[in-house]
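The values are calculated or read from the model by the stated rules, or taken from the named source; none is laboratory data. The shown structure was predicted, so the numbers you read here are calculated from the model rather than taken from an experiment. Here the Cβ positions follow ideal geometry from the backbone for every residue, glycine too, while neighbour counts run over all protein chains shown. All accessible areas refer to the heavy atoms of the entire protein, side chains included, with ligands and DNA or RNA removed. Shrake-Rupley method; radii C 1.70, N 1.55, O 1.52, S 1.80 Å.
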Amino acid sequence: MQRPNAAQLTCGSATVVLATVALLLLSGTTTVPGIAAACAAGLLLGVLVAVTMPGRAGSVKTSAPVRSASAAGGTPGASGNEEIRVPAARVGGRTGTRIGS
């Protein structure tokens, strides 16, 4: 399962808060079991909204061309000449330039 994106987390959290407040106001309960039930129902509804909300529209695009198994001359991994791309470490700002303290 992939990680939820920001929209899923935001909608799920907003649903938890709004559903819990609405349930507490509509039920008018003041007992501990009633408040716990309203909180549990709000949490369950928020998780349901976050999970069922559609995720990313497409896959991540890379700059490397995709070769099919038939174009590579058989099954992938059979020739052993596949290029493995490892991203370089990113250094931002002044990271690594200070020599002493």
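Here the simple spin-label model places points 7 Å from the Cα toward Cβ, and for THR31 and ALA14 these points are separated by 3.5 nm.
Between ALA88 and VAL21, the distance separating the two model label sites (each 7 Å from Cα on the Cα→Cβ line) works out to 5.0 nm. Skip the ligands, DNA and RNA, and give the accessible area per residue of region 1-43 with a 1.4 Å probe, whole Å². Using a 1.4 Å probe on heavy atoms only, each residue of region 1-43 averages 71 Å².
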